[in-house]
Amino acid sequence: MKRLVTLILLLTAVITLAYVFQVPQPEDVKPLGEFYLENSYFGDYSAKSPEVITSILWDYRGIDTLFETAVFFLAIIGSLTVFRLTKEQEKEVKTESTQVEPLPLPIRTVTKVIVAMILAVSASIALHGHLTPGGGFQGGSALAVAPLLIIAAYSKYALEKNGLDKTRALILRSIGLLGIALVALVPLLSGSYIMQNQPIFPAEINGQLIGGSLIYYNFFEFLAVGAGFTAVFLLLAIPEEKFKKILGVRR
Amino acid sequence: MSEILFYIGAVMIIIGGICDLFGAIGLLRFPNFYVRLHAATVGTIGGAVVPLFGVALLALGADFLPHRYAIAGASFITGIIVLLAAPAGATALAYAAHKVKLVEWKPKVDHLAEVRGND
């Protein structure tokens with residue numbers, strides 16, 4: 001009862017305050033916002049991207065975003081270091097020791113369908129990043145759910161048997177990183193600044209809006225984040241017994 | 001035509017609300033894990049899929065709405081995904097609970113055991 005009274009008092013206070021102190025609504029576009037709009041959506045040297053946030057993120061704040069991405073990759077490298085194994089131990093981890101009874105048929109079938117849908121949706125989030133809310137990191141995070149679902153419904157070994165093992169995931173991640181670096185460095189060749197969007201990359205190809213370098217950044221970030229998460233998930237899915245065996249822990 | 005779609009959609013949304021209510025009550029009041037799982041699935045299928053289809057019909061019927069085909073398509077696809085995923089999730093939960101014997105299992109009727117016994 002006491003808690004309920006406190007809750008009601010708190011809610012009333014918040015709503016009253018929100019009603020009394022209304023946030024002033026801006027009546028016209030501020031000069032800074034006008035500058036950003038002018039240079040990312042309108043204008044001749046803009047990316048013509050309707051999603052101005054992505055444009056700002058990869059263009060004006062490009063270096064910042066690059067370092068943000070670097071933090072994520074350092075985290076992945078850290079977890080890879082924690083799980084460092086020798087060649088024999090890698091092989092040991094990849095062999096399925098006990099045959100586990102598979103999950104019921106409906107779960108496996110539905111997982112297949114949902115995984116296909118997740119792949120489509122994540123690609124759409126990443127490749128539409130310059131037109132709609134979304135982008136490479138979000139798309140990559142959505143992509144990483146697909147291998148996670150497969151690990152849960154089948155097993156980690158099913159993923160590895162079909163060719164997506166830790167090494168492949170790391171190679172994909174490295175391709176993504178390399179792509180981001182190359183797209184960032186290409187403007188230097190023609191005497192522009194690093195990570196510059198225009199006028200090196202065309203804003204449109206055959207009338208299709210691709211937003212300059214934004215689509216390349218989004219695609220490579222999508223690849224790198226998805227594959228990086230997949231590598232970590234594969235490591236986390238190693239059974240505990242295997243690690244006990246490797247580390248020599250007695251029961 | 002749009003009025004018919006409106007009424008069908010509205011009725012489906014109301015059905016969804018009722019199913020959600022029954023699902024919530026069942027989740028609180030039912031005796032054991034498996035029957036509660038049934039109530040939860042009533043909440044997801046009846047309470048999420050049916051109203052989503054209802055929203056799709058409503059949006060199709062509303063001529064004044066901008067992007068009404070996008071709204072209808074998104075609702076319909078979301079409904080189908082939930083329709084696929086909810087039974088699979090419930091199956092996985094029931095299977096896992098049965099497998100590790102976490103939940104007490106006292107069936108009144110066990111058709112599977114009868115069938116297996118007759119073989």
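The table for this structure:
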| quantity | calculated |
| --- | --- |
| Residue within region B:62-72 that is under 23 Å from B:Y7 (Cα atoms), in contact (Cβ under 8 Å) with a residue 24 or more places away in the chain and over 10 Å from the mean Cα position of the chain (by Cα) present | yes |
| Pair list, Cβ < 7 Å and 6+ apart or interchain, from region A:99-111 residues that are under 12 Å from B:G89 (Cα atoms) to residues that are of a type outside the set (A, V, I, L, M, F, W, C) and part of a loop (DSSP other than H, G, I, E, B) | A:R108/A:P102; A:R108/A:Y154 |
| Options B:G46, B:G73: the member that is in contact with a Cys (Cβ under 9 Å, 6 or more places away or on another chain) and part of a helix (DSSP H, G or I) | B:G46 |
| Residue match in region A:131-142 (condition: part of a helix (DSSP H, G or I), within 14 Å of chain B (Cβ to nearest Cβ), at pLDDT 85 or above and under 16 Å from A:L223 (Cα atoms)) | yes |
| Single unsatisfied condition, A:A120 versus (1) within 14 Å of another protein chain (Cβ to nearest Cβ); (2) outside any helix (DSSP H, G or I); (3) of a type in the set (G, A, S) | (2) |
| Any hit, region A:99-110, residues being surrounded by 13 or more Cβ atoms within 10 Å (Cβ to Cβ) and away from chain B (no Cβ under 14 Å) | no |
| Out of A:S40, A:S49, A:S79, sole residue that is among the polar types (S, T, N, Q) and at pLDDT below 80 | A:S40 |
| Any hit, region B:42-57, residues being crowded, with 17+ Cβ neighbours inside 10 Å, closer than 20 Å to A:P104 by Cβ, among the hydroxyl-bearing types (S, T, Y) and away from every other protein chain (no Cβ under 13 Å) | yes |
| Hits in region B:4-36 (condition: outside any helix (DSSP H, G or I) and either surrounded by fewer than 13 Cβ atoms within 10 Å (Cβ to Cβ) or β-branched (V, I, T) (or both)) | B:P31, B:N32 |
| Checklist (1) crowded, with 20+ Cβ neighbours inside 10 Å; (2) touching a Pro at 6+ places or on another chain (Cβ under 8 Å); (3) aliphatic (A, V, I, L, M); (4) modelled with pLDDT of 85 or more applied to A:I210, failing item | (4) |
| Conditions (1) at pLDDT 95 or above; (2) under 30 Å from A:A116 (Cα atoms): number failed by B:I14 | (2) |
| Residue within region B:75-83 that is away from chain A (no Cβ under 14 Å) and either buried (at least 18 other Cβ atoms within 10 Å of the Cβ) or free of Cβ contacts under 8 Å to residues at least 40 places away in the same chain (or both) present | yes |
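The values are calculated or read from the model by the stated rules, or taken from the named source; none is laboratory data. In this text the structure is predicted, and so the values were computed from the model without any measurement. Virtual Cβ from ideal backbone geometry, glycine too; neighbours counted across all protein chains shown.
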